[in-house]
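Here is the structure we will look at, set down as structure tokens.
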Amino acid sequence: METRFDMFGNELALKFAKRFANAGAVITDSPLPTSIQELVSLRASQINGCGWCVDMHTKEAAAHGESAERLNLVAVWRETTVFTAAERAALAFAEEGTRLADAHQGVSDDTWAAIREHYDDDETAALVALVSLINAANRMAVIVHQKGGSYRPGMFEAALSGQS
């Protein structure tokens, strides 16, 4: 399958991508740790089958110091010992917030309680926004068949700013 449409090569799509990135900057600049942001984005992207976003968030996480061991185990995080209780809560939140059609209640009360135990109000707000935003990004990339494999850390920001 070839990429159907270049979201960075069309003026209207690029305008939207820049505004989308500005919304993401609010999360990036939040007190939610970068490691949590990348793990949550990676897990949602795995669930949604978004090769572009899995590639991006794996490489961005590694560039920010995440270990290959932990990145390799995100998809099976429940069956590992490498994630903290706070990270496990965030990964459960990412899954439940992504699999809305599979769980008629959305995020369970138990998962919500775990989030509130580990994250303050600003971090919780960032998590809610992040799960919403990554799911939208996944859908855009999957719709246009944006391929993974060629991403380099910082590439997304460079594309939006007109650098190469």
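The values are calculated or read from the model by the stated rules, or taken from the named source; none is laboratory data. Everything numeric here is computed off the predicted structure, so don't read it as measured data. When we count neighbours, we look across all protein chains shown, and the Cβ atoms used for this are built from the backbone with ideal geometry, even at glycine. Keep in mind that these areas ignore ligands, DNA and RNA; they rest on the heavy atoms of the full protein, side chains included. Shrake-Rupley method; radii C 1.70, N 1.55, O 1.52, S 1.80 Å.
Summing -39500 (n - 2.57) over the DSSP H runs of n ≥ 4 in the chain and dividing by its residue number, what mean residue ellipticity at 222 nm do you reach, to the nearest 500 deg cm²/dmol?
Value at 222 nm, helices only: -20500 deg cm²/dmol.
Considering only ALA94, VAL26, GLN105, and ranking their Cα positions along the charge dipole of region 5-110 that arises from unit charges at the beta-carbon of Lys, Arg, Asp and Glu, the one farthest toward the positive end is VAL26. Using a probe of 1.4 Å, the accessible surface attributed to MET140 totals some 60 Å² when neighbouring protein chains are kept in position.
The slack in the chain from PHE16 to SER132, taken as 0.36 nm per residue of separation less the alpha-carbon distance, amounts to 40.1 nm. Straight-line reach from LYS59: taking Cα to Cα under 17 Å and skipping same-chain neighbours fewer than 8 places apart, the lysines in range are LYS147. Relative to the Cα centre, the charge distribution of region 90-137, modelled as +1 at Lys and Arg Cβ and -1 at Asp and Glu Cβ, gives a dipole magnitude of about 220 debye. Legend: residues SER132, SER67, sorted from most to least accessible area (1.4 Å probe; ligands, DNA and RNA excluded), read SER132, SER67. If R0 is taken as 30 Å, the Cβ-Cβ distance between GLN105 and ALA23 corresponds to a FRET efficiency of 0.70. Against the criterion of solvent-accessible heavy-atom surface with a 1.4 angstrom probe, GLU87, GLU2 sort, most first, into GLU2, GLU87.
Surface calculation, 1.4 Å probe, protein heavy atoms: ILE27 sits at approximately 10 Å² accessible.
At the residue level, TRP52 shows approximately 20 square angstrom of accessible surface with a 1.4 angstrom probe and all protein chains present.
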